[in-house]
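Everything on this sheet refers to the single structure shown next.
The values are calculated or read from the model by the stated rules, or taken from the named source; none is laboratory data. These figures come from a predicted structure and were not determined experimentally. For neighbour counting, all protein chains shown are included, and Cβ atoms are generated from backbone atoms with ideal geometry for every residue, glycine included. Protein only, heavy atoms only, side chains kept; ligands, DNA and RNA dropped before computing areas. Shrake-Rupley method; radii C 1.70, N 1.55, O 1.52, S 1.80 Å.
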Amino acid sequence: LILYYWHESLPRLPVAMELVLHRVDLLHGQAMAKGTLVVLPVGKKKQQKVAVGDDSGVLTVFYMKKGEVNIEWKSPPLGREISSVVMQTGKDKLFVGCGQSIHGFTRKGKEFVKIKTNLTETINHLFVDENMIWTGGEYIMNIYDQCKDFGFVPMKDRINALTCASVAPGDIFSAIVACQDKFLRVYAGEKLYHEFSVEGPGTALGFYDDQVAADRNVRRPGDSVAMLYGTEQGIVGLCQLDSRSMRKVGSITDRQTRPGVAGPASSQRRARVCAVQTADIVRSGMLDVVVGRDDGSLEVWSLGEGQGTPTATRLEQVPPSLAYEVCLQESVQSMASGNITGGEHNEVVLTTYGGKVLAFTPSLAARDPTGTEMAQVEEKDGQNMMGLIPKQKKASKEEELQTKAEKERRHRALEGEVERLKQQVDRERQNYQRLSGESIAMQTTTKVSHRFNINSEEACYILTIESQAPLELISLRADVEVDLLDHEGTGAILSRSKGDPVNPLLATYRMQEPGSRFQIRLRTVEGLHGSISCFVLPTTNPKTAHLVTLPVKPLSLHEKITDNPPEVPMNELRLVGPFTVTDMHKWLSLCINELPTRPTDDEMVIAYRSTFVGTMFFGRYSKGSAIFRSDSITTINVLKDLISRNATEAKIHLSIKVDVKDETFPRFLELIHPKLAFQHSLTQQVKMVDPLRELQLQEPDTQFLSPELQMVLQHATEIQQQFELQPQRLAFLHNIVLSAYRHKWRLRGHQSVEHRIKHLQNLLESYSIEQVTAFFDEPID
């Protein structure tokens, strides 16, 4: 673990914000997992200590004294990466999840308990109360009482976050779990107590007031607790939770304008929520909501002035306002608040993916990079004075000289530490070079992780690559057609090679500036299945590449929904045969995303929506029977082909019946019409750009033009850029319509309709929705 102190006063983005926070770098260790940071309760001094665990398997407890970081104690290496760190409720004992083991430490660093569980999953989530322990793996929650098994619950989908509070009647806490299937679930022991649907997969949980949620003495039976949750879509919501129900209060962040961003992108959703916390940073009396995001954004949302828990009416009357925002360029993993650097301030402390532990404080003393001014504040605070330097007589010349000398001393000490670190790096580099000459690197020296999630609003996938070391290049290879849209993060140059039928996508991103996080937006073609290989090369010695393999499924642009089937005509696929619910579940998992790894009921019900076209897909299957309904005939055809092929391989005979409804095709064409109309209107708009620009040169005032022509002139550059991409996007849309026509007649027994396809292509070129709809209605004979 490298120990150092540095600071910078972060520039604020050009937006009306009330708060200025100064960054203080505390520690830099190895990569850190989510939920591995804890601020210890106030001890003899009001200044609080911080505990953090990283991938080296070492738990470190440190504090700040006189502007410098001091390590109080370190645990011995625990043998595995630390995956969770928590405080026991109402106590000052630390508990650490490490692999399949739980370790307990006193405030002074003595290990007083070690529990070796019989789990197969890594303990990613942990909560400890008195004698009870809750653990969350990937899909299973376990409960222990007095270090012995008390119960377990297999979840319907992946566990993304877990915490506990007094909800159900009784002395035992209830577990609150955020799952990938867009539900928050409350369990009283092993029994499902509440199930609450939210806007997207829950990724973070927290309470509006931690003390009220955890203290049984403060809350009376039946009192509600205010709970915060964050989602994959970037929404932070507030809900009320009690023994009777869960109900939504409002959203803290949703589609607010991004600071410093103008134009259409200003209202884009914010990044995935990684951590959510509350603290009175602004000092308004109300607790502020602090949000840490996947793209490195740290946000402080003010809920106005006053006291108590915000209500739905209050949130409407006084909408949350963004008081502070900064981007750290690497994802925020854990977050807490407390008095860390000294003074009378509530400060935010957080960890990042790369292993940095940072504090953000309103203290003006933190502007001094050497820590001298913070030391002075601490000394004055020790003499029962205010934490902020009060207005007083001008400092004497002797005091100024003493301060200057102290700053110079600390600066020299920091320079000496930097020099020692440089020498250490040089020695390690020489060792690497010697080893590289003798052998080939087989194991990487840095951690790389990825996420491959669908963005339902843009109907595309976002591939996020994050590395502990700066990235050098990323290469992509795919055996299916993939449309690369754009990229974000580190500046990079995209080089594309001409592919072949086996590898239609070959592309490389070369980084132009240091950065450890990179995002690629891409769109897959439905109906095709294969994989994307992503080779990630960090700037480390020796050179080692990380291979990330991403499956592309036939219905890859469909996302899971919780809605009931709408009253619209739907095509139907019925399957009957000697298959089990597990067989059908396995076949479906090859076709669509977001299915649990195993069936959770004897009869499974699923619902999906196409993010690109907007069509629906509903399914119900059990042992020996399955029914699938969709207003897209292509979806039905893909399911029929995949299931029948896999059933044949498994030597299972199926009885298949398809009911094609003519009423579904006008609706399907209406759903895709806006996209087709937009692409065809580009052709007309781009023809007007040059004449309008020439007119603007001769007539600077163009107010006499119609609103439509003024819009073309204002967005001329964007229209031309869109037009350059039009051929491939128009072909993509035309293929969707052509496939629907082919599948309509194929499922009715006509093997080939190629003699009609040419006519349909001509209609699409001269596009009119009425003519295309009429063509679909015509009989084939």
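If you check 656, 652, which single one turns out to be modelled with pLDDT of 90 or more and closer than 28 Å to residue 741 by Cα? The unique qualifying residue is 656.
Scanning the stretch 600-621 for residues that are over 26 Å from the mean Cα position of the chain (by Cα) and open to solvent by 30 Å² or more (accessible area, probe 1.4 Å) yields 601, 602, 603, 605, 620. Under the condition of being touching a Cys at 6+ places or on another chain (Cβ under 9 Å) and more than 16 Å from residue 551 (Cα to Cα), the residues counted in the stretch 476-502 number 1. Screening residue 411 with (1) at pLDDT 85 or above; (2) open to solvent by 80 Å² or more (accessible area, probe 1.4 Å) gives one miss only, at (1).
Restricting attention to the stretch 497-504, does a residue exist that is within 26 Å of residue 612 (Cα to Cα) and under 19 Å from the mean Cα position of the chain (by Cα)? Scanning the stretch 497-504 turns up no residue that is within 26 Å of residue 612 (Cα to Cα) and under 19 Å from the mean Cα position of the chain (by Cα). Within the stretch 574-599, restricting attention to residues that are open to solvent by 50 Å² or more (accessible area, probe 1.4 Å) and over 29 Å from residue 483 (Cβ atoms), the residue that is nearest to the chain's Cα centre (by Cα) is 597.
Of the strands (runs of 3 or more DSSP E) lying entirely inside the stretch 140-220, the ones with 2 or more residues being surrounded by fewer than 20 Cβ atoms within 10 Å (Cβ to Cβ) are found at 140-145, 148-154, 183-188, 191-197. The residue of the stretch 741-765 that is farthest from the chain's Cα centre (by Cα), among those that are modelled with pLDDT of 85 or more and under 14 Å from residue 673 (Cα atoms), is 763.
I need every pair where a residue in the stretch 303-325 that is surrounded by fewer than 12 Cβ atoms within 10 Å (Cβ to Cβ) has its Cβ under 9 Å from the Cβ of a residue that is among the polar types (S, T, N, Q) and part of a loop (DSSP other than H, G, I, E, B), sequence separation at least 6 or different chains. Within 9 Å, the pairs are 305/284; 306/284. The number of residues in the stretch 715-734 being modelled with pLDDT under 70 and either over 25 Å from residue 613 (Cβ atoms) or open to solvent by 100 Å² or more (accessible area, probe 1.4 Å) (or both) comes to 4. If you go through the stretch 25-57 and pick out every residue that is part of a strand (DSSP E or B) and farther than 13 Å from residue 468 by Cα, you end up with 10. Applying a threshold of 7 Å to beta carbon distances and a minimum spacing of six or more residues, or different chains, the list of pairs starting in the stretch 45-70 at a residue that is more than 19 Å from residue 98 (Cα to Cα) and open to solvent by 20 Å² or more (accessible area, probe 1.4 Å) and ending at one that is in a loop (DSSP other than H, G, I, E, B) and not hydrophobic (A, V, I, L, M, F, W, C) reads 46/339; 47/339; 47/342; 48/339; 63/47; 63/49; 68/371. Scanning the stretch 559-573 for residues that are touching a strand residue (DSSP E or B) at 6+ places or on another chain (Cβ under 9 Å), surrounded by fewer than 20 Cβ atoms within 10 Å (Cβ to Cβ) and either modelled with pLDDT of 95 or more or part of a loop (DSSP other than H, G, I, E, B) (or both) yields 561, 562, 563, 564, 565, 566, 568.
Residue count for the stretch 414-443 satisfying the condition of being modelled with pLDDT of 70 or more and open to solvent by less than 60 Å² (accessible area, probe 1.4 Å): 4.
Which of the residues that make up the stretch 141-175 are under 13 Å from residue 130 (Cβ atoms) and polar (S, T, N, Q)? Passing the criteria: 146, 166. I'd like to know if the stretch 97-116 contains one or more residues that are part of a loop (DSSP other than H, G, I, E, B) and surrounded by 19 or more Cβ atoms within 10 Å (Cβ to Cβ). The answer is no, given that none of the residues of the stretch 97-116 is part of a loop (DSSP other than H, G, I, E, B) and surrounded by 19 or more Cβ atoms within 10 Å (Cβ to Cβ). Annotation: of all residues in the stretch 479-506 being open to solvent by less than 60 Å² (accessible area, probe 1.4 Å) and more than 23 Å from residue 554 (Cα to Cα), the one that is modelled with the highest pLDDT is 495.
Set side by side, the residues 630, 644 differ, and just one is touching a strand residue (DSSP E or B) at 6+ places or on another chain (Cβ under 7 Å) and open to solvent by less than 10 Å² (accessible area, probe 1.4 Å), which is 630.
For the stretch 540-558, taking the residues that are among the hydrophobic types (A, V, I, L, M, F, W, C) and outside any loop (DSSP other than H, G, I, E, B), the one that is farthest from residue 620 (Cα to Cα) is identified as 547. Screening the candidates 307, 329, 277, 317 for the property of being modelled with pLDDT of 90 or more and over 16 Å from residue 19 (Cα atoms) yields one hit, 277.
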